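The structure under discussion appears below in the form of structure tokens.
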Amino acid sequence: MTLVFDKLRKQYGQVVAIDDVTTSFAPGLIHGLIGPNGAGKSTLINMTAGSYSVSSGSIALDGKRLDTLKKYQIANSRVARTYQNIRLFDQMTVLENLEVCFYPADVGGTWKEVVWPPYASARREKRREKCMDILRFFDLQGYAETDAGSLPYGRQRMLEIARALVCEPRVLLLDEPAAGLNHHETAELTARLAAQRVPDRITIVVEHDMDLVMKLCDNIIVMHHGKLLFQGTPAEVQASPDVQLAYLGTANDIDEIRAAAQDRRAQLGIRARRRS
Amino acid sequence: MSVAETLTAAKPHSGRAISFLVFAIAIALIAASPFLPNYYVRVINSLLIYILLGIGLNIVIGYTGLLDLGFVAFYAVGAYSYALLASPQLDLHWPFLAILPVAACLGAATGILLGIPVLRLRGDYLAIVTLGFGEIIRIIINNLDWLTGGPKGIARLDKASILGIQVARPIDFFWLLLITVLVAGVLVWRLERSILGKAWAAIREDQDAARGIGINTTNAKLAAFATSATIGSIAGAIFAASQRFVSPESFTLQESVLIVLMIVIGGIGNILGIVAGAAILMLLPEVLREFAEWRILFLGLLMIFLIIVRPAGIVPRSFGPDKLIRRLFGK
Ligand SMILES: Nc1ncnc2c1ncn2[C@@H]1O[C@H](COP(=O)(O)OP(=O)(O)OP(=O)(O)O)[C@@H](O)[C@H]1O
Ligand SMILES: [Mg+2]
């Protein structure tokens with residue numbers, strides 16, 4: 001099972017956001033997608049998940065085209081995602097935010113749920129068991145009945161990742177999962193994502209926090225101006241002069257990249273606090 | 001006790017007393033109905049019809065978050081189904097129980113007919129298009145003289161009878177409506193709690209994110225429109241049978257707006273709220289009958305007052321029927 005981009009291209013009018021990208025992602029690994037602001041990382045995630053259309057080229061999972069499907073059909077091919085700006089169902093409880101993910105599997109039994117209470121409780125119980133498992137994994141079990149919108153920012157990030165994981169996706173797309181988290185929360189997130197490295201899952205993480213990327217990822221893809229600049233292990237990326245140039249112009253060590261990432265995190269932290 | 005429980009368990013005692021009081025009044029009202037003069041039974045009947053309409057429209061507005069201002073169209077479809085199939089107009093005299101499924105199906109079909117063109121619309125645009133749809137249906141009825149009798153309407157509808165029992169007096173309709181409201185209320189409440197109900201809520205909160213977790217929003221929205229329209233249509237059929245006369249005047253935009261107001265004042269997305277909203281909007285004019293000229297003013301002031309003190313409605317979404325039952329009979 002692999003995820004393949006073939007001459008993938010995205011244009012917004014005259015702006016070329018993704019410029020003929022060809023690459024593939026192996027299962028069982030966590031792939032880091034990094035690059036400066038505006039490099040096209042989110043665009044790539046959005047096209048894979050079906051949020052944006054593809055200008056030309058193709059995306060295929062297991063040889064099956066994804067780019068011709070509608071967004072909900074892509075999700076039903078077990079491609080799950082989080083968003084750069086958190087998008088939860090704010091006025092639903094934490095538990096409901098996860099439960100609703102079983103809609104594609106359970107919608108056929110809706111009328112039976114309505115008229116036959118024992119069936120409804122059995123289904124609900126089954127759904128909730130799975131949801132509670134993943135909530136416990138993210139240490140959110142105490143919030144099960146709280147509205148998602150009233151959770152603290154860091155917990156909202158965790159819940160969004162939990163929502164992406166609850167139906168055991170084959171492809172997990174995370175757009176800046178650590179944005180706005182403090183050191184402690186980022187460390188917890190890193191450990192949890194590492195624990196979710198399962199053999200039949202392709203995980204792609206877009207992230208500016210180099211610490212997290214270097215610790216977590218098996219393979220790193222560096223993007224610049226919509227093109228693939230470099231691909232390799234964390235050690236290879238750190239050693240690559242091209243990457244340093246792309247990030248900082250004339251930087252000569254990884255510490256400066258980290259400092260830039262730190263700056264950005266501080267920025268996002270402020271944005272996050274304003275939001276809540 | 002978890003943080004969540006502490007936060008939600010506010011003031012259980014006063015809440016419980018109020019719940020009991022309201023519950024007792026409702027039971028007393030139901031028990032007293034057979035002994036009330038016909039006039040009051042009619043008022044209660046129209047209250048029940050509005051509750052039924054509110055339960056239907058709430059599926060689209062409250063659960064799915066789509067502002068539909070053309071709901072009265074489905075009410076009209078149901079009413080005219082009865083009027084045409086049980087009157088001298090076409091010289092058809094079907095039994096009530098045979099008309100009900102026809103009205104329900106026609107209602108559902110009309111609901112889907114409205115649903116398809118507005119799938120892409122939300123908010124204000126949706127409100128305007130649905131409003132137009134309601135008016136189109138009314139104008140069609142008004143102009144289709146050969147079929148609907150035009151502005152004169154259709155009179156001398158058959159007396160309804162169910163399994164040989166005649167349903168003609170106000171009190172008969174009271175029982176019919178009470179049963180219908182209870183059945184519809186329970187079914188719709190269970191629908192809200194089903195997986196489809198959760199999907200409706202997700203669409204209401206963030207349609208695009210809902211697609212992102214695999215919800216076919218087209219189907220889910222059409223299901224909402226269809227169920228909502230079915231209930232509206234059934235209410236219309238019962239309304240026609242009880243009035244034994246229909247005319248386009250009963251299906252104006254004002255009716256749609258009234259039902260929306262009931263939902264908003266009572267508590268959007270909550271069946272208990274609809275009961276409260278309908279009670280206020282229906283009973284207030286009766287109580288204030290002596291001050292007829294001032295009624296609209298009172299209503300306006302009441303609404304401003306409620307929007308300030310209870311912006312989420314009299315009974316907020318979080319206080320659903322399950323909470324009420326737990327508070328009345330649970331620990
Ligand atoms: N909806 C859009 N319309 C027009 N241009 C867009 C749109 N979305 C993104 N772009 C442009 O496409 C380019 C890539 O944007 P993208 O959001 O993918 O970058 P990114 O790598 O995710 O950056 P960041 O790290 O800031 O999130 C940018 O030049 C951006 O301005
Ligand atoms: Mg981005």
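The values are calculated or read from the model by the stated rules, or taken from the named source; none is laboratory data. What you are looking at is a predicted structure, and each value in this text was computed from that prediction instead of being measured. Glycine gets a Cβ as well: all are built from the backbone with ideal geometry, and neighbour counts include every protein chain shown. Only protein heavy atoms, including side chains, enter the accessible area calculation; ligands, DNA and RNA are left aside. Shrake-Rupley method; radii C 1.70, N 1.55, O 1.52, S 1.80 Å.
Observations, loosely collected:
- Candidates A:196, A:238, A:244: the one that is under 23 Å from residue A:77 (Cβ atoms) and either open to solvent by 10 Å² or more (accessible area, probe 1.4 Å) or within 13 Å of ligand 1 (Cβ to nearest atom) (or both) is A:196.
- Test result for residue A:3, within 15 Å of ligand 1 (Cβ to nearest atom) and surrounded by 14 or more Cβ atoms within 10 Å (Cβ to Cβ): no
- Wholly enclosed helices (runs of 4 or more DSSP H) of region B:174-271 bearing at least 1 residues at pLDDT 95 or above and open to solvent by less than 10 Å² (accessible area, probe 1.4 Å): B:195-205, B:207-212, B:217-243
- Odd one out for residue A:61 among (1) away from ligand 1 (no atom under 16 Å from the Cβ); (2) in contact with a Cys (Cβ under 8 Å, 6 or more places away or on another chain); (3) open to solvent by less than 40 Å² (accessible area, probe 1.4 Å): (2)
- Of the strands (runs of 3 or more DSSP E) contained entirely in region A:1-95, those carrying at least 1 residues that are more than 14 Å from every other protein chain (Cβ to nearest Cβ) and either more than 16 Å from ligand 2 (Cβ to nearest atom) or at pLDDT 95 or above (or both) fall at A:3-12, A:15-25, A:30-34, A:56-61.
- Of the criteria (1) within 16 Å of ligand 1 (Cβ to nearest atom); (2) not assigned by TED's automatic domain parsing to the domain that holds residue A:25, which one residue A:134 fails: (1)
- Screening residue A:214 with (1) in contact with a helix residue (DSSP H, G or I) (Cβ under 6 Å, 6 or more places away or on another chain); (2) within 14 Å of chain B (Cβ to nearest Cβ) gives one miss only, at (2).
- Just one of the numbered conditions (1) farther than 25 Å from residue A:194 by Cβ; (2) touching a helix residue (DSSP H, G or I) at 6+ places or on another chain (Cβ under 8 Å) is not true of residue A:83: (1).
- The set of residues in region B:172-215 that are of a type in the set (Lys, Arg) and under 21 Å from residue A:115 (Cα atoms) comprises B:190, B:193, B:198.
- Any hit, region A:125-145, residues being within 12 Å of chain B (Cβ to nearest Cβ), within 16 Å of residue A:33 (Cβ to Cβ) and surrounded by 15 or more Cβ atoms within 10 Å (Cβ to Cβ): no
- For region A:160-178, filtering for residues that are more than 12 Å from the chain's Cα centre (by Cα) and either within 15 Å of ligand 2 (Cβ to nearest atom) or of a type in the set (A, V, I, L, M, F, W, C) (or both) leaves 2.
- Output for region A:166-184, where each listed residue is away from ligand 1 (no atom under 16 Å from the Cβ), within 21 Å of residue A:33 (Cβ to Cβ) and out of contact with any Asp or Glu (no Cβ under 9 Å at 6 or more places or on another chain): A:169, A:171, A:172
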